[in-house]
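Chemist: Provided herewith is a single structure, encoded as structure tokens, for subsequent inquiry.
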Amino acid sequence: MSTRYEKTDVILIGAGVMSATLGALLKELAPDWEIKVFEALDKPGEESSNEWNNAGTGHSALCELNYTTEKPDGSIDIAKAIKINEQFQLSRQFWSYLVKSNLISNPQDFIMPIPHMSLVMGDKNVEFLKKRFEALSNNPLFQGMEYSEDPEKLKQWIPLIMEGRNTDEPIAATKIDSGTDVNFGNLTRMLFDHLQNQNVEVNYRHSVSDLKRTKDGMWEVKVHDLDGCRMEYHKAKFVFIGAGGGSLPLLQMTGIPESKHIGGFPVSGLFMVCNNQEIVEQHHAKVYGKAKVGAPPMSVPHLDTRYIDNKKSLLFGPFAGFSPKFLKTGSYMDLIASVKPNNVFTMLAAGMKEMSLTKYLIQQVLLSNEQRLEELREFIPNAKLEDWDIVVAGQRVQVIKDTEAGGKGTLQFGTEVVTAADGSVAALLGASPGASTAVHVMLEVIEKCFPQHVKQWEPKIKEMIPTYGVSLTDKPELIQEVQSSTAEVLGLNDKELSHS
Ligand SMILES: Cc1cc2nc3c(=O)[nH]c(=O)nc-3n(C[C@H](O)[C@H](O)[C@H](O)COP(=O)(O)OP(=O)(O)OC[C@H]3O[C@@H](n4cnc5c(N)ncnc54)[C@H](O)[C@@H]3O)c2cc1C
């Protein structure tokens, strides 16, 4: 077996949407820096970022009920919804910049307009949705949201969901037309094409198996070339671990203090996909329901119009499940191997605390197709099993860590950027809100790891993302300007397109 030794400025591990976004940002900010990417699979965007492995929702809190919680006094807390919406606006601006600069083309290949809706049944839920609507519709970020309890109106909005439904039970929905379906797989592939055009060296079938700090303060990354059957050692000043579910084990290999006392809990997923195009054509929205009691937030059921492989599709789910793998292509040993002396108590504490979640996930795994159909029928009362197939979605590794609020072994549902104190290595853990907020999260990596450059880079960041560092919520004119200019560039005003 031969060995190769090389040196570079930046190494990105993993060819998912996160590394793609960081690479694209850095190429604009520091065009002279040499960047290398190592990806274990033979293509970009094949794990969570693949269009079949996630729900493709441009998360901006227009329809996801778990981002707005009811406070003890009965009012609705919209702080998280505002935060996520503002983060999505950053993504829209960066993607628009890339399109306008001809660095990527054909935005309709990765983003399409689609109404975002929330749908609830029962008195209590209807009351919640009405309050949520009242709280959000006063905020300019959610302008254009409509609310209805009228079954006739709902038949116009969601005929497939209303057909055959018993309307004795109270029902309500909100609808906002400025929602999006994002094909993160296509976006990732387009960004990697762009990076390769910018002389970024992208090495597929190269699996990273170790990271070590060198005496001169750099990182040595051990890479297994799966085709050449040789070991490679690459040195870099900065390493980004964007390996999705594979990030935790790589972070642990760095040995940095920030990597200790962190664990991961994998949650798998399934979607039902409609194989009958006549039914697909009867629905045109992403419709989010309310999570069942005891269900984790990422398993909120939704019925989604999607644009995949140049075709309109209809997906329902995700059904959560348990698999000890950290990646879809991972190993059954992933979970066990991630337990280390420094995180064993954190993991055990989480195990004790999250018994009900584990029970819920096991129940979900054991669901038969008929039981899944029952859940689908809460959305489409007339659904038939023969019209639906099952697809296995991506793995989400939820972060477990000790927190002040939750104590030892607290399960986190968000995204965590873990960086070394000197900013020489950063890892992205967690998966929610996910790809939609990639630009915000990668700007956080840049701020934490390159503080010495940020001042100098700020004008360029603002050229790409005009609202960088600006809170939008109290600036209605700016929101209007950002939404209409990005909609124009990304082709989101084209209603004709959205119905084709
Ligand atoms: C069921 C489900 C639904 C979701 N729905 C949404 C949604 O609607 N909207 C949204 O915004 N987000 C959603 N997400 C989250 C979103 O998919 C992820 O946040 C995002 O794709 C993560 O991108 P990534 O680049 O970090 O990881 P990935 O896309 O998983 O990429 C990581 C890459 O690293 C590679 N890799 C791993 N280990 C190594 C190694 N040792 N050496 C070399 N390469 C390695 C992998 O092969 C992979 O290609 C969803 C996720 C799931 C699972």
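The values are calculated or read from the model by the stated rules, or taken from the named source; none is laboratory data. Quick caveat, the model's predicted, so the values are computed rather than measured. Glycine gets a Cβ as well: all are built from the backbone with ideal geometry, and neighbour counts include every protein chain shown.
Chemist: How many residues does the stretch 1-40 hold that are assigned to a loop (DSSP other than H, G, I, E, B), hydrophobic (A, V, I, L, M, F, W, C) and more than 16 Å from the ligand (Cβ to nearest atom)? If you could, list the steps in order and put the result at the bottom.
Modeler: Initially, the stretch 1-40 is screened for residues assigned to a loop (DSSP other than H, G, I, E, B), giving 1-2, 14-16, 30-34, 39-40.
Remaining after also requiring hydrophobic (A, V, I, L, M, F, W, C): 1, 15, 30, 33, 40.
Filter once more, keeping what is more than 16 Å from the ligand (Cβ to nearest atom): 1, 30, 33.
Counting residues in the stretch 1-40 that are assigned to a loop (DSSP other than H, G, I, E, B), hydrophobic (A, V, I, L, M, F, W, C) and more than 16 Å from the ligand (Cβ to nearest atom) gives 3.
Conditions tested, residue by residue: (1) surrounded by 13 or more Cβ atoms within 10 Å (Cβ to Cβ); (2) within 16 Å of the ligand (Cβ to nearest atom); (3) under 27 Å from Pro324 (Cβ atoms).
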position	(1), (2), (3)
Val344	no, no, yes
Ala350	yes, no, yes
Arg377	yes, no, no
Lys384	no, no, no
Gln395	yes, yes, yes
Gly409	yes, no, yes
Glu416	yes, yes, yes
Ala420	yes, no, no
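Chemist: Search the stretch 240-249 for residues being closer than 20 Å to Lys43 by Cβ and among the hydrophobic types (A, V, I, L, M, F, W, C), and hand back the single one that is nearest to the ligand (Cβ to nearest atom).
Modeler: We begin by selecting, within the stretch 240-249, every residue closer than 20 Å to Lys43 by Cβ; these are 240-247.
With the extra rule that they be among the hydrophobic types (A, V, I, L, M, F, W, C), the set shrinks to 240-241, 243.
Values: Phe240: 10, Ile241: 9, Ala243: 3 Å.
Only one residue fits best here, namely Ala243.
Chemist: Taking the conditions exactly as written (assigned to a helix (DSSP H, G or I), in contact with a helix residue (DSSP H, G or I) (Cβ under 7 Å, 6 or more places away or on another chain), away from the ligand (no atom under 16 Å from the Cβ) and at pLDDT 95 or above), does Leu154 satisfy them or not?
Modeler: Numbers: assigned to a helix (DSSP H, G or I): yes; in contact with a helix residue (DSSP H, G or I) (Cβ under 7 Å, 6 or more places away or on another chain): yes; away from the ligand (no atom under 16 Å from the Cβ): yes; at pLDDT 95 or above: yes.
So Leu154 passes the test.
Chemist: Can you find a residue in the stretch 117-138 that is part of a loop (DSSP other than H, G, I, E, B) and touching a helix residue (DSSP H, G or I) at 6+ places or on another chain (Cβ under 6 Å)?
Modeler: no
One line per residue, one yes/no per condition, for (1) surrounded by fewer than 20 Cβ atoms within 10 Å (Cβ to Cβ); (2) farther than 20 Å from Ser19 by Cα; (3) within 16 Å of the ligand (Cβ to nearest atom); (4) not charged (D, E, K, R):
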residue	(1), (2), (3), (4)
Leu429	no, no, yes, yes
Pro433	no, no, yes, yes
Cys449	no, no, no, yes
His453	yes, no, no, yes
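Chemist: Restricting the search to the stretch 361-378, which residues are out of contact with any strand residue (DSSP E or B) (no Cβ under 7 Å at 6 or more places or on another chain) and part of a loop (DSSP other than H, G, I, E, B)?
Modeler: Passing the criteria: Leu366, Ser368, Glu378.
Chemist: Please name all residue pairs, on different chains or six or more residues apart, with Cβ atoms under 8 Å, provided the first residue is in the stretch 346-361 and is closer than 18 Å to Ile262 by Cβ and the second residue is at pLDDT below 80 and in a helix (DSSP H, G or I).
Modeler: What qualifies is Gly351/Thr358.
Chemist: Considering Lys235, Lys222, Lys215, which residue is without any contact (Cβ under 8 Å) to a residue 24 or more places away in the chain, in contact with an Asp or Glu (Cβ under 8 Å, 6 or more places away or on another chain) and not hydroxyl-bearing (Ser, Thr, Tyr)?
Modeler: One residue alone meets the criteria, Lys222.
Chemist: In this structure, does Glu201 turn out to be closer than 29 Å to Leu376 by Cα, at pLDDT 95 or above and not aliphatic (A, V, I, L, M)?
Modeler: No, not satisfied.
Condition check ((1) within 16 Å of the ligand (Cβ to nearest atom); (2) within 21 Å of Lys83 (Cα to Cα); (3) not in a helix (DSSP H, G or I)) across all residues:
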| residue | (1), (2), (3) |
| --- | --- |
| Gln398 | yes, yes, yes |
| Lys462 | no, yes, no |
| Thr467 | no, yes, yes |
| Val482 | no, yes, no |
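Chemist: With the structure loaded, tell me whether Tyr67 is at pLDDT below 95, within 13 Å of the ligand (Cβ to nearest atom) and aromatic (Phe, Trp, Tyr) or whether it fails that test.
Modeler: It is true that Tyr67 is at pLDDT below 95, within 13 Å of the ligand (Cβ to nearest atom) and aromatic (Phe, Trp, Tyr).
Chemist: In the stretch 263-301, which residue that is touching a Cys at 6+ places or on another chain (Cβ under 8 Å) and in contact (Cβ under 8 Å) with a residue 60 or more places away in the chain is nearest to Leu154 (Cα to Cα)?
Modeler: Val287
Chemist: Would you confirm, using the coordinates I've provided, whether Arg189 is assigned to a helix (DSSP H, G or I) and either in contact (Cβ under 8 Å) with a residue 40 or more places away in the chain or not polar (S, T, N, Q) (or both)?
Modeler: yes
Chemist: Would you tally the residues in the stretch 199-224 being farther than 27 Å from Pro31 by Cα and not in a loop (DSSP other than H, G, I, E, B)?
Modeler: Looking only at that region, the number is 3.
Chemist: Among the listed residues Lys260, Lys175, identify the single one that is more than 16 Å from the ligand (Cβ to nearest atom), in contact (Cβ under 8 Å) with a residue 40 or more places away in the chain and closer than 30 Å to Leu62 by Cα.
Modeler: Lys175
Chemist: A follow-up question, please. Look at the stretch 9-36 and say how many of its residues are touching a Ser or Thr at 6+ places or on another chain (Cβ under 6 Å), within 11 Å of Ala243 (Cβ to Cβ) and among the hydrophobic types (A, V, I, L, M, F, W, C).
Modeler: Qualifying residue count, the stretch 9-36: 1.
Chemist: Cβ-Cβ under 6 Å, sequence separation 6+ or interchain: first residue in the stretch 306-322 and crowded, with 23+ Cβ neighbours inside 10 Å, partner in a loop (DSSP other than H, G, I, E, B). Which pairs?
Modeler: Arg306/Gly56; Leu314/His283; Pro318/Ala393
Chemist: A further question on this structure: Any residue at all in the stretch 50-62 that is surrounded by fewer than 18 Cβ atoms within 10 Å (Cβ to Cβ), at pLDDT 95 or above and either more than 14 Å from the ligand (Cβ to nearest atom) or of a type outside the set (A, V, I, L, M, F, W, C) (or both)?
Modeler: no
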